[in-house]
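Structure incoming, see below.
The values are calculated or read from the model by the stated rules, or taken from the named source; none is laboratory data. Predicted, not measured: the structure shown is a model, and the values here were computed from it. Here the Cβ positions follow ideal geometry from the backbone for every residue, glycine too, while neighbour counts run over all protein chains shown.
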Amino acid sequence: MSANSNRNPLPTNRRRFLQDAARAAGACAVAGMAITKLATDARALPVQAIRPPGALPEEDFLAACIRCGLCVRDCPYDTLVLAELGYDGPATGTPFFTARNIPCEMCDDIPCVKACPTGALDKGLTNIDDADMGLAVLIDEEHCLNALGLRCDVCYRVCPVIDKAITLERRHNERSGHHAIFMPVVHSDHCTGCGKCEKSCVLPNESAIKVLPMRVAQAEAAEHYKLGWEDRNPLVDELIDLPDRLPGPGTDNLVAPGGYLPSGIEGMPDPSMEGGFAPSYGLPGTGGAGQ
Amino acid sequence: MSEKTALPVGQEAIEDKGWWLAHKFLILRRITQAGFLVLFLLGPWFGIWWVKGNLAGSLTFDVLPLTDPLVLLQSMFAQHWPETTAIIGALIVGVAYALIGGRVYCSWVCPINPVTDAAHWLHDRLGFAKGWQPKRGTRYWVLGMVFAVSALTGTIAWEFVNPISMLHRGLIFGMGFAWAFVLAVFLFDLVVSRRGWCGHLCPVGAFYGLLGTGSVLRVSAVKRADCDDCMDCFAVCPEMHVITPALRGAEGDTPLILSSDCTNCGRCIDVCAPDVFKFTTRFDDTPAPARAVRRKPKRQPEASRAA
């Protein structure tokens, strides 16, 4: 040690300071990595855990929620609870609810959002109908009584946004051949994720309809997709032209699927193809041209 | 050092001042700790909602918001700008502790303090060695680590492991397995490191210590000339290094304990038979003559180590 210090030109106290600092920094790096692991794991919020109305997206929520539980205290229906270490999935001490146990009753005055001191629950949410706690999904059509052709309708009836968030879509019952199926269909623009449908599903144990977090429940249309029946102009920013409908063979020329529209020939088939299409004449380009 | 060091700690104070005066601040402190906890428990246990929330954030009588400034600071490091309510709450807490001493939180409010005090009591009873004693600055490294992890992960990082909020929130909202963190702190202080958690590692204590660096309320060794070297104050002090500069200061040195590590627990006032210490303000300039030259000027190794 003394030989070492002779060789080392640094004064002893400065060297000791550097050594101590390096040791402390190293130890803190190890501890910090362990906490980082906990913090990143906590982002994987279980799908059954629904955050209160107005909750920021999970990664922002964990930066904003101080876990004080004031939202839990002001929830009049004891819907919200703070996650307990080891029992509940969300980050320890953060608020959530389990729809199958106690769903959100969608209070008009949203007391939980008002109670939040930090903005983890966004005060911008003033109308509870705009809440996006999650999205109900009819997850088990094999056991849903309505999907089987019976008239349960409970999820539809309890929905606070009845006929908007859940509608019953009439379909033909292929099994019986002469009955209807009243299929519960959820509409994301009105569903708040309150979970009353999941709570009231009459099936034992798991519900056939479940509130899932938006990130799990909802797909996203690709940016360039346009639904032609909703949007009269399917062109994308005038960049993509409509395909040219060439009258040649191999195109979708419905008037004359084989190719050119014949003109001046007697016995031309009805263009609307009532009664089926049976060409009775040879068309140019057919018969093995292989286009 | 005197022959009085052979007596049990505080024995002389009990004989001279009576049991109550020799335990006054200890008892008051326990009552305060329990009182703060009961205030939070009145709601969930008895339906009296004077105080809602927990130590991280609370609302008293539906008007007074209080927020833990350290939690809020981590939130800001995680790039969330909190709403005004939380900021006002943190300012109120911050100003209060800046005046009365940041680490008053540690000794008078924190629910982990009785846990580590119990660990220390058992540690002494069992006569364990002091074990690993981290460097003085370790807790500030831990505090820096907490801010760094908060910034890196975008979360309030310390709240994932903080045994204080685990215990406090657990008692009020439901414990789960959070007791494991409390047990870990107890065992750490009992067998790994004497006064290790509160005295060396806890970043909450480090933060509140920094917050109270200029605090008005201070303990002063104003009658240090009367010190009889019984060493009881060093034995009970959770941050014993804070006593030396004040008690053993030379003529002209301030008798005020100005270290931000001092928790203002007042236990030194309790156990001192000659009443050397008292609570006062940092502006108190009562003359405090230094101690007379000692009978035995050659210091014994124990004394220097304790100092």
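With respect to B:Phe36, determine if the residue is closer than 27 Å to B:Leu143 by Cβ, within 14 Å of chain A (Cβ to nearest Cβ) and touching a residue at least 60 places away in the same chain (Cβ under 8 Å).
Spelling it out, it is not the case that B:Phe36 is closer than 27 Å to B:Leu143 by Cβ, within 14 Å of chain A (Cβ to nearest Cβ) and touching a residue at least 60 places away in the same chain (Cβ under 8 Å).
List, please: which pairs have Cβ atoms under 9 Å, are six or more places apart or on different chains, and start with a residue in region B:261-287 that is small (Gly, Ala, Ser) and at pLDDT below 90 and end with one that is surrounded by 14 or more Cβ atoms within 10 Å (Cβ to Cβ) and assigned to a loop (DSSP other than H, G, I, E, B)?
Listed pairs, sorted by first residue: B:Ala273/B:Gly10; B:Ala273/B:Asp228; B:Ala273/B:Cys230.
Identify the single condition in (1) surrounded by 17 or more Cβ atoms within 10 Å (Cβ to Cβ); (2) touching an Asp or Glu at 6+ places or on another chain (Cβ under 6 Å); (3) away from chain B (no Cβ under 14 Å) that A:Gly119 does not satisfy, given that it satisfies every other one.
The failed condition is (3).
Is it the case that region B:217-227 has a residue that's among the acidic types (Asp, Glu) and either part of a loop (DSSP other than H, G, I, E, B) or within 14 Å of the chain's Cα centre (by Cα) (or both)?
Among the residues of region B:217-227, not one is among the acidic types (Asp, Glu) and either part of a loop (DSSP other than H, G, I, E, B) or within 14 Å of the chain's Cα centre (by Cα) (or both), which makes the answer no.
Restricting to region B:139-158, what's the tally of residues that are of a type in the set (S, T, N, Q) and either surrounded by fewer than 21 Cβ atoms within 10 Å (Cβ to Cβ) or more than 7 Å from every other protein chain (Cβ to nearest Cβ) (or both)?
Number of matching residues: 1.
State yes or no: is B:Val204 in contact with a strand residue (DSSP E or B) (Cβ under 8 Å, 6 or more places away or on another chain) and either in a helix (DSSP H, G or I) or in the same structural domain as B:Asp117 (by TED's automatic domain parsing) (or both)?
no
Now for a separate question. If I filter region B:41-61 for residues that are more than 7 Å from every other protein chain (Cβ to nearest Cβ), aliphatic (A, V, I, L, M) and in contact with a His (Cβ under 7 Å, 6 or more places away or on another chain), do I get at least one hit?
There is at least one residue in region B:41-61 that is more than 7 Å from every other protein chain (Cβ to nearest Cβ), aliphatic (A, V, I, L, M) and in contact with a His (Cβ under 7 Å, 6 or more places away or on another chain).
Out of B:Leu91, B:Leu143, B:Leu72, I need the residue that is assigned to a helix (DSSP H, G or I), under 24 Å from A:Ala39 (Cβ atoms) and free of Cβ contacts under 8 Å to residues at least 24 places away in the same chain. Which one?
Unique residue meeting the criteria: B:Leu72.
Quick one: in region A:44-78, of everything that is facing chain B (nearest Cβ under 7 Å) and part of a loop (DSSP other than H, G, I, E, B), which residue is surrounded by the fewest Cβ atoms within 10 Å (Cβ to Cβ)?
The qualifying residue surrounded by the fewest Cβ atoms within 10 Å (Cβ to Cβ) is A:Arg67.
Looking only at region B:35-65, how many residues end up being within 20 Å of the chain's Cα centre (by Cα) and in the same structural domain as B:Gly94 (by TED's automatic domain parsing)?
Matching residues across region B:35-65 total 3.
Does region A:122-159 hold any residues that are part of a loop (DSSP other than H, G, I, E, B) and either within 14 Å of chain B (Cβ to nearest Cβ) or closer than 30 Å to B:Lys52 by Cα (or both), and which are they?
Of everything in region A:122-159, those that are part of a loop (DSSP other than H, G, I, E, B) and either within 14 Å of chain B (Cβ to nearest Cβ) or closer than 30 Å to B:Lys52 by Cα (or both) turn out to be A:Asp122, A:Lys123, A:Gly124, A:Leu125, A:Thr126, A:Asn127, A:Ala131, A:Asp132, A:Met133, A:Gly134.
Please work out if B:Trp45 is assigned to a helix (DSSP H, G or I) and either hydroxyl-bearing (Ser, Thr, Tyr) or crowded, with 18+ Cβ neighbours inside 10 Å (or both).
no
Which condition breaks for B:Val161 when tested against (1) within 28 Å of A:Ala34 (Cα to Cα); (2) among the aliphatic types (A, V, I, L, M); (3) buried (at least 24 other Cβ atoms within 10 Å of the Cβ)?
Against the list (1) within 28 Å of A:Ala34 (Cα to Cα); (2) among the aliphatic types (A, V, I, L, M); (3) buried (at least 24 other Cβ atoms within 10 Å of the Cβ), B:Val161 comes up short only on (3).
Among (1) more than 7 Å from chain A (Cβ to nearest Cβ); (2) assigned to a loop (DSSP other than H, G, I, E, B); (3) crowded, with 20+ Cβ neighbours inside 10 Å, which single condition is B:Pro82 missing?
(1)
Something else: Go through A:Thr36, A:Thr40, A:Thr94 for me and flag whichever is among the hydroxyl-bearing types (Ser, Thr, Tyr) and either crowded, with 23+ Cβ neighbours inside 10 Å or in contact (Cβ under 8 Å) with a residue 24 or more places away in the chain (or both).
A:Thr94
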